[in-house]
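We did not get these values from a lab; they are worked out from the coordinates using the rules stated. Remember, predicted model here, so these are calculated numbers, not experimental data. All Cβ positions, glycine included, derive from the backbone under ideal geometry; neighbour counts span all protein chains shown.
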């Protein structure tokens with residue numbers, strides 16, 4: 001599980017995007033901005049929410065996906081790509097570069113967020 005100091009580091013690294021909240025989950029954490037999760041934090045590494053275009057960019061600079069391997073249940077032993085790719089190492093020490101990647105991941109996360117359907121009251125005739 002990532003430490004609080006790592007969470008503080010991540011918030012500072014992406015501070016130019018506005019307030020970033022970190023919420024713990026399943027032994028790791030998620031990074032949120034503007035109401036959407038755009039970062040996954042696991043084992044003191046930062047992963048960005050990525051669509052096919054961003055995955056291609058990240059692959060070009062030598063990054064790979066976060067792969068979840070369930071230990072039990074019907075998916076035990078399976079390797080599951082959750083759609084998050086590692087932040088380039090060069091961005092870990094460069095808030096300007098991190099912000100560029102972070103903005104791309106935030107745009108992907110916002111585009112992927114499905115609008116909630118409104119519940120209309122049934123009208124009786």
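With Cα atoms defining each centre, segment 1-59 and segment 67-90 are spaced 15 Å apart in the structure. Plainly put, segment 1-42 has a radius of gyration that is 0.93 times its Kirkwood radius, both from alpha-carbon atoms, as the Rg/Rh ratio. Taking Cα atoms only, the orientation of helix 95-112 departs from the longest principal axis of the chain by about 20 degrees. What the Cα atoms of the chain give is an Rg and a Dmax of 16.7, 65 Å. Compared with the dominant Cα axis of the chain, that is its longest principal axis, helix 4-13 is turned about 90°. When peptides 3-9, 39-45 are ranked by their average number of other Cβ atoms within 10 Å per residue, the highest-first order is 39-45, 3-9.
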